[in-house]
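The structure under discussion appears below in the form of structure tokens.
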Amino acid sequence: MSKKSMLRSAKGRNDHPDNGRRAFLKNGLVAGGAAALGAAAAGAAQAAGENVILQKQDWRTYLGDGVDARPYGTPSAHEAHVIRRNVEWLTADPVSSVSFTPLHELDGIITPNGVCFERHHGGIAEIDPTAHRLMIHGLVDTPLVFTLEDLKRFPRENKVYFLECAANSGMEWRGAQLNGVQFTHGMIHNVMYTGIKLRHVLEEAGIKPNGKWLLVEGGDASAMTRSIPIEKALNDCMIAFKMNGEALRPEQGYPMRLVVPGWEGNMWIKWLRRIEVGDQPWHQREETSKYTDLMPDGRARRFSWQMDVKSVITSPSPQAPVTHGKGRTVISGLAWSGAGKISRVDVSVDGGRNWRSARIDGPSLSRSVHRFYLDIDWNGEPLYLQSRAMDEYRNVQPTKDALRAVRGVNSIYHNNGIQTWYVAKDGVTENVEVS
Amino acid sequence: MLKYLKSVALGALVCSAFSAAGFAQGDVDKGKKVFNKCKACHMVGDKAKNKSGPELNELFGRAAGSKDGFKYSKAMLAKGEDGLVWNEETLNAFLTKPKAFVKGTKMSFAGIKKQKDMDNLLAYLGTFSTAEVQAPVAEQDDVSDDANAPAVTTQTNVAASAAEVPEHGVFHLGRVATDDEIAAWDFDVRPDGMGLPNGRGTVADGEEVFVEKCASCHGDFGEGVGRWPVLAGGQNSLQNERPVKTIGSYWPYLSTVYDYVQRAMPFGEAASLTDDETYAITAYLLYLNDIVDDEEFELSKENFLTVEMPNTANFYADDREDEPQYSVSADPCMNECKVGPVEITKRAQVLDVTPDQE
């Protein structure tokens, strides 16, 4: 009975706040209340308290799985709702689509590998690493071919970076649309990469003086391509083969992907197999038809590579409502900037009228997400939650209206506007825009 | 050693005999271009040294496998010991099919297919060999260059003595890509026409292929089925409330169409179209977008760059930095930043498009 009700309460959080609270009431307070009521009548035999304490749980009695039962561990069955989700109506086919990171269920700064959002254009390439090669050619002294084992012989480095799709929050240009931070902001993940400097590989082949651009290409069924200026390539790009200590997941480009710190996710070519050096950009589909920003005058920005300063409150949020009633409440969120470190995050509970600086906790790394908290005493009145990030170069996250004033609503990409969550008296939280 | 000297001398004779007739057939300038195929591994001329292939100065008359400081395959060394000397005849045979002529050679090169290319290449290489009569004079001229030679040779010796370690780069990792390998993967096309293959296709040809292979998603006329991309129409819609971004209304370069179609289409059967089919589909897409109006229009490598895309001029470099919200340098407002009570102006709940969580 107790095991079953625990399941219900865990599931309830994912359901509707009332359900969660109801389950909790049933489990604890009702039992306690009943005990309190019955105490006088039934006498000393009736114990007072929560059943989860008063009654012995199965797991306290019976043996669990041995070490050989789970050679590769997975999360608790009670966390089964913490998964990537997709929005079916967004794209024509799930093979060329996107799944979103469950930001509302995560904490700290590292995204677990299994829930990092995915974006593929030709499905997940399942590559045998021994049959994978990386070729570099074009304006180089010596065109070269590398195996994964070759690449692992270059000096390695470990870096934590966020990867954000340029279209993250792109469905919100015309107004609040999707009820969940997973869907409004979930095209981002943040992991530690192990890999090598792209610079080493380029220098190994020898870039000719007129080599100014790279074409980078994936080995999947879309043969994804982007042009990257040589300055960026030589500055801080990496070829990564590990994420969070283990091999890249197939959906993240196993056995190797490009890392382009601070720049839009589409450029981080997965399943990287070819680098061509040239004297001008290639103007591939993903840098002309897509990933260009249409402005109200009918013209379009191109090469808008860097991701802007941005933040969002991950809890409370529509999928993570307040279930505990008024009193101590932890407001928690993420902030990041493609320019560098986050220097400050301000939080408003009144729709941007007044702000308080939040506490950044955990590592503060350049072009990595930062975790912030604001610990408040909630008086039970409605909250209009907003967060506003500022980076070390004093770029301040703008309002959605400020962005619309310049860009209109048809530019799809680079929406870093301030998000508002409305927390009603009952704790139910909704995606809104406010005056 | 004697044998070696002898063969050099003999080679020089043989070579000079050939040079009169043989090299005259080839064009040195064109040969220089053919040599681009070899440059990844071989150097020739001033400051030439051994790379992953031996340097090729004084190639004519050289005994096979005899270049100091280069680690040859056993097969090549054996050939040299058997008396193989490089001259126009032997090089012709070797470079036509290297692996057939010297079974076991390290040289990973498929071979030169056209005799004209061969003649031109040999003419070009001949200019770096002193097979001519003025051999002593040339040696005099080379004295200054030779002064550098020992250092270079020592260097290559060091690298060569480290067994299989390649000489390129800093870390000496990876191996040289062959021309065939590069050709197999390098099919990208750029706006300036770089990468366009030979081929051609008409609007009418394109319609046939498009209806068979593309229309199930994109519609017979590029109008798009369901949420699949719309490829045609939308002209003058970019300032509308709902812009329609198509190849005709939005895409700045025709090369992108060609490149993408042969790169990723048809969806689920990527890279299966022939070059002619790709030209034909591209021509048909131009027709659907009213950029060409003649069904007989044939798109080819030759006329590709003459096609003008309507929206080319309307793209400009990222200028977000200049937007007002990023150009303020003051700290953001902290108190009483807005007047009036908070009112909800938009809510996601109304749309009800969020996926279910179960």
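Would you be able to tell me the number of residues in region B:194-245 that are farther than 30 Å from A:Val406 by Cβ and of a type in the set (S, T, N, Q)?
Residues meeting the conditions: 3.
Examine region A:260-275 for a residue that is in contact with a Cys (Cβ under 6 Å, 6 or more places away or on another chain), more than 22 Å from B:Trp185 (Cα to Cα) and surrounded by 23 or more Cβ atoms within 10 Å (Cβ to Cβ), and state whether such a residue exists.
Yes, the conditions are met somewhere in region A:260-275.
Going by the structure shown, is A:Gly123 closer than 28 Å to A:Ile342 by Cβ and surrounded by fewer than 22 Cβ atoms within 10 Å (Cβ to Cβ)?
Judged against the criteria, A:Gly123 is not a match.
Output the number of residues of region A:165-188 satisfying the condition of being away from chain B (no Cβ under 12 Å), outside any loop (DSSP other than H, G, I, E, B) and closer than 26 Å to B:Arg242 by Cβ.
Number satisfying all stated conditions: 2.
Suppose we filter region B:309-330 for residues that are facing another protein chain (nearest Cβ under 7 Å) and polar (S, T, N, Q); how many remain?
The qualifying residues number 3.
I need the full set of residues from region B:207-228 which are buried (at least 18 other Cβ atoms within 10 Å of the Cβ) and free of Cβ contacts under 8 Å to residues at least 60 places away in the same chain, in order please.
Of everything in region B:207-228, those that are buried (at least 18 other Cβ atoms within 10 Å of the Cβ) and free of Cβ contacts under 8 Å to residues at least 60 places away in the same chain turn out to be B:Cys217, B:His218, B:Gly219, B:Gly224, B:Trp228.
So, of the residues in region B:348-358 that are within 52 Å of the chain's Cα centre (by Cα) and within 7 Å of chain A (Cβ to nearest Cβ), which turns out to be modelled with the lowest pLDDT?
B:Gln357
If I ask for residues that are outside any loop (DSSP other than H, G, I, E, B) and touching a Phe, Trp or Tyr at 6+ places or on another chain (Cβ under 9 Å), which ones from region A:98-114 would you list?
Once the filter is applied, which keeps residues that are outside any loop (DSSP other than H, G, I, E, B) and touching a Phe, Trp or Tyr at 6+ places or on another chain (Cβ under 9 Å), region A:98-114 yields A:Val98, A:Ser99, A:Phe100.
Tally time: how many residues in region B:186-202 are within 14 Å of chain A (Cβ to nearest Cβ), out of contact with any Gly (no Cβ under 8 Å at 6 or more places or on another chain), closer than 24 Å to B:Gly111 by Cα and surrounded by fewer than 19 Cβ atoms within 10 Å (Cβ to Cβ)?
Residues meeting the conditions: 1.
Determine whether A:Asp236 is in contact (Cβ under 8 Å) with a residue 60 or more places away in the chain, open to solvent by 10 Å² or more (accessible area, probe 1.4 Å) and of a type in the set (Asp, Glu).
Spelling it out, it is not the case that A:Asp236 is in contact (Cβ under 8 Å) with a residue 60 or more places away in the chain, open to solvent by 10 Å² or more (accessible area, probe 1.4 Å) and of a type in the set (Asp, Glu).
Among the numbered conditions (1) open to solvent by 30 Å² or more (accessible area, probe 1.4 Å); (2) aromatic (Phe, Trp, Tyr); (3) over 24 Å from the mean Cα position of the chain (by Cα), tell me where A:Tyr384 comes up short.
(3)
Could you please find all residues in region A:29-47 being surrounded by 13 or more Cβ atoms within 10 Å (Cβ to Cβ) and modelled with pLDDT of 50 or more?
Listed by number, the list holds a single entry, A:Gln46.
Give me a count of the residues in region A:399-420 that are more than 10 Å from every other protein chain (Cβ to nearest Cβ) and among the hydrophobic types (A, V, I, L, M, F, W, C).
1
Just one of (1) within 22 Å of A:Trp173 (Cα to Cα); (2) more than 53 Å from the chain's Cα centre (by Cα); (3) more than 7 Å from chain A (Cβ to nearest Cβ) trips up B:Cys333, so point out which.
Among (1) within 22 Å of A:Trp173 (Cα to Cα); (2) more than 53 Å from the chain's Cα centre (by Cα); (3) more than 7 Å from chain A (Cβ to nearest Cβ), B:Cys333 violates only (1).
So which strands (runs of 3 or more DSSP E) are wholly in region A:313-398 and hold at least 3 residues that are away from chain B (no Cβ under 14 Å)?
In region A:313-398, A:327-336, A:359-361, A:370-378 are the strands (runs of 3 or more DSSP E) which contain 3 or more residues that are away from chain B (no Cβ under 14 Å).
For residues that are hydroxyl-bearing (Ser, Thr, Tyr) and more than 20 Å from A:Lys242 (Cα to Cα), scanning just region A:83-120, find the one that is surrounded by the fewest Cβ atoms within 10 Å (Cβ to Cβ).
A:Thr91
Are any residues in region A:189-225 out of contact with any Phe, Trp or Tyr (no Cβ under 6 Å at 6 or more places or on another chain), part of a loop (DSSP other than H, G, I, E, B) and within 11 Å of chain B (Cβ to nearest Cβ), and if so, which ones?
Result: A:Gly206, A:Ala221, A:Ser222, A:Ala223, A:Met224.
Quick one: which residue in A:Gly352, A:Gly338, A:Gly380 is under 26 Å from A:Glu287 (Cβ atoms), in contact (Cβ under 8 Å) with a residue 40 or more places away in the chain and of a type outside the set (A, V, I, L, M, F, W, C)?
Going through A:Gly352, A:Gly338, A:Gly380 in turn, the sole match is A:Gly338.
From the list A:Arg353, A:Arg299, exactly one residue is within 30 Å of B:Tyr253 (Cα to Cα) and either surrounded by fewer than 23 Cβ atoms within 10 Å (Cβ to Cβ) or modelled with pLDDT of 95 or more (or both). Which is it?
One residue alone meets the criteria, A:Arg299.
Please go through region B:57-75 and give me each residue that is aliphatic (A, V, I, L, M) and surrounded by 22 or more Cβ atoms within 10 Å (Cβ to Cβ), ordered by number.
Residues satisfying the conditions are B:Leu59, B:Ala63, B:Ala64.
Quick one: in region A:85-102, of everything that is within 14 Å of chain B (Cβ to nearest Cβ) and in contact (Cβ under 8 Å) with a residue 60 or more places away in the chain, which residue is farthest from B:His218 (Cα to Cα)?
A:Pro102
I'd like the residue in region A:421-432 that is crowded, with 22+ Cβ neighbours inside 10 Å and facing another protein chain (nearest Cβ under 7 Å) and, out of all such residues, is farthest from A:Gly298 (Cα to Cα).
My answer is A:Tyr422.
Cβ-Cβ under 7 Å, sequence separation 6+ or interchain: first residue in region B:233-249 and within 9 Å of chain A (Cβ to nearest Cβ), partner charged (D, E, K, R). Which pairs?
B:Gln239/A:Asp297
If A:Ile136 passes every condition in (1) within 13 Å of the chain's Cα centre (by Cα); (2) not in a loop (DSSP other than H, G, I, E, B); (3) not acidic (Asp, Glu) but one, which one does it miss?
Against the list (1) within 13 Å of the chain's Cα centre (by Cα); (2) not in a loop (DSSP other than H, G, I, E, B); (3) not acidic (Asp, Glu), A:Ile136 comes up short only on (1).
Run down B:Asp205, B:Asp259 and say which single residue is part of a helix (DSSP H, G or I), modelled with pLDDT of 95 or more, farther than 24 Å from A:Ser411 by Cβ and facing another protein chain (nearest Cβ under 10 Å).
Only one candidate passes the filter, namely B:Asp259.
Residue under question is B:Val353, and the condition is that it be aliphatic (A, V, I, L, M), outside any helix (DSSP H, G or I), touching a Leu at 6+ places or on another chain (Cβ under 7 Å) and open to solvent by less than 50 Å² (accessible area, probe 1.4 Å); does it hold?
yes
The values are calculated or read from the model by the stated rules, or taken from the named source; none is laboratory data. Remember, predicted model here, so these are calculated numbers, not experimental data. Using ideal geometry, Cβ is built from the backbone for each residue, glycine included, and neighbour counts are taken over all protein chains shown. The protein model used for the area step is the full one, side chains on, heavy atoms only, and it has no ligands, DNA or RNA in it. Shrake-Rupley method; radii C 1.70, N 1.55, O 1.52, S 1.80 Å.
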